[in-house]
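Since the structure comes first, as structure tokens, the remarks are kept for the end.
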Amino acid sequence: MSIDRQILKDLVADKTRLIFNTDIPKEYLSDALGRRKGTADALIFPLSTEEISDVLRYACENRIPVTPRGAGTNLVASTVPVKGGIILDFSRMNRVLELDEDSMTLTVEPGILLQDVQTYVEARGFFYPPDPGEKASSIGGNISTNAGGMRAVKYGVTRDYVRGLEVVLADGTILRLGGKQVKDASGLSLKHLLIGSEGTLGLISKCMLRLLPKPETSVSVLVPYPDLNTGLRSVLRILRANANPTAVEFMERKVVALGEDFSGLRYPRPDAGSYILLTFDGYRSEVEFNTARVRGLALENGALDYIVLTDPAQAAEIWKVRGALVKAVEAVSEQEPVDIVVPISHTVDFIRFINDLEVSSGMRMISFGHAGDGNVHLCVVRGERDEDRWRRELHANMDSAYAKAYSLGGVASGEHGIGLSKRRYFLRETAAENLAVMNEIKDALDPLHILNDQKSYIEGGKDHAESF
């Protein structure tokens, strides 16, 4: 494999959007954590679908690997160029292309940030519900990992808000999938095949998003409990009551304390063992009714208090602590972020298993996450371990954690994706028949395996999760 610099210069009109070899900044060779690093021969910032198509056609003809990249917030090394070649960074394709108020769709380029989409549509009376914790992530990245977030319990995940995609395949072919229509029973849903594929099947060049009317009001509630088990069991009662919460987050007190120290903010009721943080949105009368209804349910099921956050400043502080938990752990020690999902009825069982594993292994494991959909976020903390001991003990403990999750009917990832970091566990726990079909699809759409090869489900070759 060799790259012809002159050909790439001819394909990219503006030479400031093309960087070669040792001039490539190091952050483009990794992900948000910066621990696994690859190499690349060229970094390109495309500005159009045609430019992407031209580059991919050249790469395919010359068997040059291509690694796609958005805002760089990925946590599982999906953006690490493990085989060299070309990095395509979509961050400069960040425009709003069309707001169609009648069909309630927004068409954007893939590099636009989630926070910019939310700000844009809410200023115009609309609402884009997907809300992963990292608001500076790109929409293309959200679609590539089928990101979920805190509002999934009511509104669903990114997949539920993608009406259409423009995608460039490995050989440069441009596909337009889906559209402004609501229903589509016309052949295979190629659009849904691309969502969550982590850049392994095609590269997104345009995104058509479904919007909703902006809710009239939104209110958050903090509910302290004596312990996490009591809080999580109370959540099941709340969900069955059809109170329709927008978000249901759980946090142990020891985790909140880290967030408090990191942010300088404080939660009420520090005597609590855990907290459930809820949001309700909709018409004001509906929100008032549901918050009052849940108050009774929570107090009947062991809550120590029921704190309606009517002061916007206090609500913002409470959510700021929740949003800072991963960074708070990182400030203490290197950690491995995990986003396992189990059925909500087994969240308590899984957290109990993790707490027991923490004690038996001596490795600190900090858990919080989305109680309303069973998505458990873990920060597995390195502490003072040297590199060899850290890798050895991390893999041993994660083998146990993922095996337990699958035994409960869970899966490896709810929103971060598989990338490199979770391949070991995903490939081991996933049925061979399922993996075979996934790889047949990869072979059909990218027979030369130039797109993000050996990430996620793709079999063959060295396991880069170990080497990186």
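The values are calculated or read from the model by the stated rules, or taken from the named source; none is laboratory data. What you are looking at is a predicted structure, and each value in this text was computed from that prediction instead of being measured. Note that each Cβ is placed from the backbone with ideal geometry, even for glycine, and that neighbours are counted across all protein chains shown. Side chains included, ligands, DNA and RNA excluded: accessible areas come from the protein's heavy atoms. Shrake-Rupley method; radii C 1.70, N 1.55, O 1.52, S 1.80 Å.
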Next item on the list: For LYS9, list the lysines whose Cα falls under 21 Å from its own Cα; do not include residues on the same chain fewer than 8 positions away.
Entry: none
Notebook entry, point to check: Can you pick out the pairs among LYS83/LYS191; LYS83/LYS455; LYS191/LYS422; LYS83/LYS422; LYS135/LYS214; LYS154/LYS180 whose Cα atoms lie more than 21 Å from each other?
Noted result: LYS83/LYS191; LYS191/LYS422; LYS154/LYS180
Item checked: Per-residue HN-Hα couplings for the range 7-21 [Karplus 6.51, -1.76, 1.60; θ = phi - 60°; Hz; x = Gly/Pro] -> 5, 5, 5, 6, 7, 9, 4, 9, 5, 6, 9, 9, 10, 10, 6
Margin query: Taking the 0 to 90 degree range and rounding to the nearest ten, how far is the long axis of helix 312-323 tilted relative to the main principal axis of the chain, both from C-alpha atoms?
Written below: 60
Check: Roughly speaking, what is the centre-to-centre gap between the range 419-463 and the range 326-365 when only Cα atoms are used, to the nearest Å?
Finding: 26
Checklist line | Student exercise, the chain dipole from Lys, Arg, Asp, Glu Cβ charges, in Debye to nearest 20 | finding: 300
Next item on the list: Scan the range 93-143 for trypsin sites (Lys or Arg not before Pro) in coil per DSSP, keeping those whose Cβ has at most 14 other Cβ atoms within 10 Å, and list them by number.
Entry: ARG95, ARG124
Notebook entry, point to check: If you find the alpha carbon centre of the range 75-112 and of the range 137-153, how far apart are they in angstrom?
Noted result: 12
Item checked: Given charges at beta-carbon only (K, R positive; D, E negative), |dipole| of the range 259-409 in Debye -> 140
Check: Of PHE426, PHE350, TYR406, whose Cα points farthest to the positive end of the dipole of the range 323-468 (charges on the beta-carbon: +1 Lys, Arg; -1 Asp, Glu; origin at the Cα centre)?
Finding: PHE350
Notebook entry, point to check: Rounded to the nearest whole Å³, what is the per residue volume of the convex hull around the Cα atoms of the range 326-468?
Noted result: 121
Checklist line | Share of carbon and sulfur in the accessible heavy-atom surface of the chain [1.4 Å probe, %] | finding: 50
Next item on the list: Using only Cα atoms, tell me the angle between helix 228-240 and the longest principal axis of the chain; keep it within 0 to 90° and round to the nearest 10.
Entry: 80
Check: Of THR310, THR230, THR67, which has the most accessible area and how do the rest follow, probe 1.4 Å?
Finding: THR310, THR230, THR67
Next item on the list: Excluding ALA403 itself, calculate the net charge of residues whose Cβ lies under 10 Å from the Cβ of ALA403, where each Lys or Arg counts +1 and each Asp or Glu counts -1.
Entry: 0
Next item on the list: Quote the accessible area belonging to LEU222 in square angstrom, nearest 10, computed with a 1.4 Å probe and with ligands, DNA and RNA left uncounted.
Entry: 0
Checklist line | Cβ charges +1 (Lys, Arg) and -1 (Asp, Glu), total dipole of the range 107-256, debye | finding: 500
Check: Of CYS60, CYS379, which has the most accessible area with a 1.4 Å probe, and how do the rest follow in descending order?
Finding: CYS60, CYS379
Checklist line | Centre separation in Å (Cα based) which lies between the range 253-269 and the range 3-28 | finding: 45
Next item on the list: Quick one: accessible surface of LYS191, probe radius 1.4 Å, all protein chains present, in square angstrom to the nearest 10.
Entry: 30
Checklist line | Phi to ³J(HN,Hα) by Karplus 6.51 cos²θ - 1.76 cosθ + 1.60 over the range 359-371, Hz, x for Gly, Pro | finding: 5, 5, 8, x, 9, 5, 10, 9, 10, 6, x, 9, 5
Note to self: I need the phi-derived Karplus couplings for the range 39-51: 6.51 cos²θ - 1.76 cosθ + 1.60, θ = phi - 60°, integer Hz, Gly and Pro marked x.
What the structure shows: 9, 8, 8, 8, 10, 10, 10, x, 10, 8, 4, 4, 5
Next item on the list: Compute the acute angle (0 to 90°) between the alpha-carbon long axis of helix 387-407 and the principal axis of greatest extent of the alpha-carbon atoms of the chain; round to the nearest 10°.
Entry: 70
Margin query: Run the helix sum for the chain: -39,500 (n - 2.57) per DSSP H stretch of 4+ residues, divided by residue count, reported at 222 nm to the nearest 500 deg cm²/dmol.
Written below: -10500 deg cm²/dmol
Notebook entry, point to check: How much of GLU216 can a 1.4 Å solvent probe reach, expressed as accessible area in Å² and rounded to 10?
Noted result: 110
Next item on the list: Taking only protein heavy atoms into account and a 1.4 Å probe, give the accessible area per residue of the chain in Å².
Entry: 41
